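Working notes, beginning with the structure itself.
Any read-out appearing in this document is the output of simple, stated calculations on the displayed coordinates, not a laboratory observation. These numbers come from a predicted model, not from an experiment. Glycine gets a Cβ as well: all are built from the backbone with ideal geometry, and neighbour counts include every protein chain shown.
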């Protein structure tokens, strides 16, 4: 599971004044090339984060205007600082990316030339113990990208039915030991529950037999990934936004999606596949019942674009990234 490389990384904290860091975006050159940013136009970075891809898109042409979207106000401030050299050529919006049509309507923009979705988590979040994403640092079981949302990981871990908890861990985390982990969590609930990230990480490590520990990653990695996906409804939001993006693109405009793990890969591939077909009825249906649906996208990347060996050596977290591109027809 590729995204595990992002979890629990050791890096300086966001408040480190000696050497402030920015998240290192992946496949920047490929994104700029595939979205044809050098031609200019209006582009949307729906996961703008700290502005890594956004800054390179703006650098590509003085005729580019960029809308950056993120649902974390704190990280938007970092993007705003990073994008200062391009003042007047970008707008930052705090919102859930599924609201893209409304975001553009509020900005009085009818359609755009390109949309980017980078689904990798930001190191800014992972480096802050109080956000609860990393099992290597003591913090509350939070994991919310948008801290105005009510659902936290602590509620899932300590109150949700164990069968549902097991399903989440198995389905979203691809964790073979989901049953044992859920059972161990249930037993801990009877003794007061689980309060912190380290408490949960230790419990998971104890639930999995040591001889079956995964290579290169902490045994809690997959469960933390599963909880984060559930807290933020990541796969539902991804499917929803992919279905809305085509109707915000001009004809010939492009969508680029960078995904990092198997569930994301599959969701992107499946939705783009449906959007690129004239008929979505199963092949065994005797006749079309979908109303003669017309395709709205053409998939450009028959196989996903992956990082070069050089980029992976410089940024090992890029190794599982896949870029898929589709064009509005």
Give the angle, between 0 and 90 degrees and rounded to the nearest 10, that separates the Cα long axis of helix 262-275 from the longest principal axis of the Cα atoms of the chain.
30 degrees
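For segment 123-162, report the translational diffusion coefficient in µm²/s to the nearest whole number, using Stokes-Einstein at 10 °C, 1.306 mPa s, and a Kirkwood Rh over Cα pairs. Can you show the working numbers first?
Details: Rh = 10.6 Å.
Answer from the Stokes-Einstein relation: 150 µm²/s.
Hey, what did segment 18-106 get for relative contact order, percent, Cα under 8 Å, at least 6 apart?
Working: 130 pairs, mean separation 23.3, N = 89.
Relative contact order comes out at 26 percent.
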Shape call for segment 195-329 from the C-alpha gyration tensor, a ≥ b ≥ c root eigenvalues: rounded (a/c under 1.5), prolate (a/b greater than b/c) or oblate?
prolate
Rounded if a/c is under 1.5, else prolate if a/b beats b/c, else oblate: with a ≥ b ≥ c from the C-alpha gyration tensor eigenvalues square-rooted, which is segment 39-125?
oblate
Taking other Cβ within 10 Å of each residue's Cβ, how do 86, 97, 43, 224 sort, fewest first?
86, 97, 224, 43
Sort 301, 197 so that the residue with the fewest other Cβ atoms within 10 Å of its own Cβ comes first and the one with the most comes last.
301, 197
If the elastic network links every pair of Cα atoms under 10 Å, which of 155, 210, 56 fluctuates the most in the Gaussian network model of the chain?
210
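I'd like the FRET efficiency for residue 62 and residue 269, computed as 1/(1 + (r/R0)^6) with the beta carbon distance as r and R0 of 35 Å, rounded to 0.05.
E(calc), rounded to 0.05, equals 0.50.
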Springs between alpha-carbon atoms under 10 Å, Gaussian network over the chain: tell me which of 91, 314, 220 tops the mean-square fluctuations.
314
Helix 221-232 versus the longest principal axis of the chain: what angle, 0 to 90°, nearest 10, using Cα atoms?
60 degrees
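Pairs of alpha-carbon atoms within less than 8 angstrom and 6+ residues apart define the contacts here; what relative contact order does the chain have, in percent?
Working: 594 pairs, mean separation 64.3, N = 329.
Once divided by the residue count of the chain, the mean separation gives 20 percent.
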In nm, to one decimal, how far is the modelled label at residue 290 from the one at residue 164, with both set 7 Å along Cα→Cβ?
3.2 nm
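Quick check on the chain: what does the Kirkwood estimate of hydrodynamic radius come out to from the alpha carbon pairs, in Å? Walk me through the numbers before you get to the answer.
Working: mean 1/r = 0.0478 Å⁻¹.
In the chain this quantity evaluates to 20.9 Å.
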Is the shape of segment 134-232 best called rounded, prolate or oblate, per the rule: a/c under 1.5 gives rounded, else a/b larger than b/c gives prolate, else oblate, with a ≥ b ≥ c the square roots of the Cα gyration tensor eigenvalues?
rounded
Pairing the Cα long axis of helix 178-189 with the longest principal axis of the chain, what angle in degrees results, from 0 to 90 and rounded to the nearest 10?
60 degrees
With both partners inside the chain, how many of the DSSP beta bridges are antiparallel, as a percent to the nearest 5?
35 percent
Gap in Å between the Cα centre of segment 184-222 and the Cα centre of segment 280-323?
35 Å
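With the contact rule set at Cα under 8 Å and sequence spacing of 6 or more, what percent relative contact order holds for segment 134-232? Mind dumping the intermediate values first?
On the way: 122 pairs, mean separation 40.8, N = 99.
Reported relative contact order: 41 percent.
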Final fewest-first order of 281, 37 on the 10 Å Cβ neighbour count is 281, 37
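Could you work out [θ]222 nm for the chain from helices alone, using -39500 (n - 2.57) per DSSP H run of at least four and dividing by all its residues? Round to the nearest 500 deg cm²/dmol.
Working: 13 runs with 122 residues, N = 329.
Theoretical 222 nm ellipticity from helices: -10500 deg cm²/dmol.
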